[in-house]
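J.: Starting off with a structure, shown below.
The values are calculated or read from the model by the stated rules, or taken from the named source; none is laboratory data. Everything numeric in this text was worked out from a predicted model, so none of it was measured. FYI the Cβ positions are ideal-geometry reconstructions off the backbone, even for glycines, and counts take in every protein chain you see. Areas reflect the complete protein model, heavy atoms only, side chains present, ligands, DNA and RNA absent. Shrake-Rupley method; radii C 1.70, N 1.55, O 1.52, S 1.80 Å.
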Protein chains: 2
Amino acid sequence: MKKKDLTSMKEDKIELQETTISSKHVFDGTLLQVYVDDVKLPDGSHSTRDWIKHPGASAVVPVFRDGSIMLLKQFRYPPRKLFLEVPAGKIDAGETPKTTALRELEEESGLSCKNLEQVGSLFPAIGYADEEIFVYVGWDLDESNKQTDDDEFLINHKLHFSDALKMIESGEIKDGKTICALTQTYFWWKKHKPFPIDF
Amino acid sequence: MKKKDLTSMKEDKIELQETTISSKHVFDGTLLQVYVDDVKLPDGSHSTRDWIKHPGASAVVPVFRDGSIMLLKQFRYPPRKLFLEVPAGKIDAGETPKTTALRELEEESGLSCKNLEQVGSLFPAIGYADEEIFVYVGWDLDESNKQTDDDEFLINHKLHFSDALKMIESGEIKDGKTICALTQTYFWWKKHKPFPIDF
């Protein structure tokens, strides 16, 4: 069993890297772009990889002055369940992740914010998608007109940040990006403290 | 803007639910099964949903007596990057999530464990996949022979649980399931304390 320091990430990448031999676009959907690639493995042998090309996404944790945050209840078709989620959405062509964050925050929650900072990012499904989700925290919030996409049906759900963390613990929050976004924002907030929150 | 308690999840589900009109299996891959469904939205209008059918997966946080855990460095083809991850893998036909957890722990990290408890679960990509990942914590670990799948190339990386949490904060851990698994295990461990860890 090899034990190495994380500083060897670069060296390990070369050792573990899989390289593309050929790539085929096998499904062109409304949402999903699916590819099947032939790849060369580190030992020189070949394998295939099915994967989804995704433009990336942004997610925002909107924090109010009283330490509460705004989440959204949304029905998600693939798992056929209702989830409590942070406002988030796909990066459109020509957008920066920050522009997407501001747009989705306003479209989905009806909020705009004067301050928006990136707290991290995550890759939600590294086994089959290249998607990266950029995570932001927003504060100094203003309410504006709520507009949702035609096929989005959302219910706003305001709760204290500390209660949201308890809902990760209790299993009531099960959406991966929301668990990650709240965790990354919690760490960022404890370090930068734009204003005090009683966690 | 509607504000409701989470206790209304059931009522909200009816209000927000999308129902299947028809479903078509559009891609049958080695890894991915892609469907395109026609759905009826809550307002009665129609839309399409591209989605991936997934058998589910299990992930394990293996905790040693000294408070260290075993993660794995693995190159992931879709994002073309190296990630630090918890041992995890797909549920095979006929397996329970617990059986998968024990098998993947042994295959990927060379560890077996006397104690294994479920700490939670998460849905990594609710926008396009039905996958649920069941998260376990394992302790009283024994090393055994390491066996990896033919096309898996892994490097074990042992580190203290508290250092792994710091690597979520620093952004060095970016895999969604790993951030969620460590967060859920941290909460579970603080509550159940099988033995003390200096977080």
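J.: How far apart, in nm, are the 7 Å Cα→Cβ label points at residue A:140 and residue B:26?
T.: Taking the two extended label points, one gets 4.4 nm.
J.: If you don't mind, another one. Calculated FRET efficiency, residue A:9 and residue B:103, Cβ-Cβ r, R0 41 Å, to nearest 0.05?
T.: 0.90
J.: Counting Lys and Arg as +1 and Asp and Glu as -1, what is the net charge of the other residues whose Cβ lies under 13 Å from the Cβ of residue A:81?
T.: With Lys, Arg at +1 and Asp, Glu at -1, the neighbours total -2.
J.: Given a Förster distance of 45 Å, report the FRET efficiency between residue B:198 and residue A:96 from their Cβ-Cβ distance, rounded to the nearest 0.05.
T.: Values: r = 41 Å, r/R0 = 0.91.
FRET efficiency, residue B:198 to residue A:96: 0.65.
J.: Nearest 500 deg cm²/dmol is fine: what mean residue ellipticity at 222 nm does chain B get from its DSSP H runs of n ≥ 4 alone, each adding -39,500 (n - 2.57), divided by its residue count?
T.: Values: 4 runs with 48 residues, N = 199.
For chain B, the value works out to -7500 deg cm²/dmol.
J.: Here's another thing I want to ask about it. Per residue of A:79-86, how many C-beta atoms from partner chains lie within 10 Å of its own C-beta, taken as a mean?
T.: So the per-residue partner count for this stretch is 5.
J.: Please work out the average accessible area per residue across chain A, using the 1.4 Å probe convention, and give it in Å². Walk me through the numbers before you get to the answer.
T.: Numbers: 8520 Å² over 199 residues.
Each residue of chain A exposes 43 Å² on average to a 1.4 Å probe.
J.: Averaged over peptide B:15-22, how many Cβ atoms belonging to another chain are found within 10 Å of each residue's Cβ?
T.: Mean shielding by partner chains, rounded to a whole number: 4.
J.: In whole percent, and with a 1.4 Å probe on the protein chains, what portion of the accessible area of chain B is carbon and sulfur? Before the final figure, lay out each step's value.
T.: Working: 4040 of 8530 Å².
The C+S portion of the solvent-accessible surface of chain B is 47 percent.
J.: Any of B:166/B:193; B:81/B:177; A:177/B:90; A:90/B:24; A:193/B:10; B:53/B:177 with alpha carbons more than 26 Å apart? Name them for me.
T.: From B:166/B:193; B:81/B:177; A:177/B:90; A:90/B:24; A:193/B:10; B:53/B:177, over 26 Å: A:193/B:10.
J.: Excluding residue B:193 itself, calculate the net charge of residues whose Cβ lies under 14 Å from the Cβ of residue B:193, where each Lys or Arg counts +1 and each Asp or Glu counts -1.
T.: +1
J.: Note the distances from residue A:46 to each other copy's matching label point, with points 7 Å along the Cα-to-beta-carbon direction, in nm, sorted shortest first.
T.: Inter-copy label distances (nm, one decimal, shortest first): 4.3.
J.: Could you tell me the distance between the Cα centroids of the range A:60-137 and the range A:25-46, to the nearest Å?
T.: That distance is 27 Å.
J.: Can you tell me the relative contact order of chain B? Whole percent, Cα pairs under 8 Å, sequence separation 6 or more. Show your work: numbers first, answer last.
T.: Working: 375 pairs, mean separation 41.3, N = 199.
With pairs under 8 Å counted, the relative contact order is 21 percent.
J.: Probe radius 1.4 Å, ligands and nucleic acids left out: can you give me the accessible area buried at the A-B interface, summed over both chains, in Å² to the nearest hundred?
T.: Interface area, both chains combined: 7800 Å², rounded to the nearest 100.
J.: Across the residues of A:128-136, average count of Cβ atoms on other protein chains within 10 Å?
T.: 5
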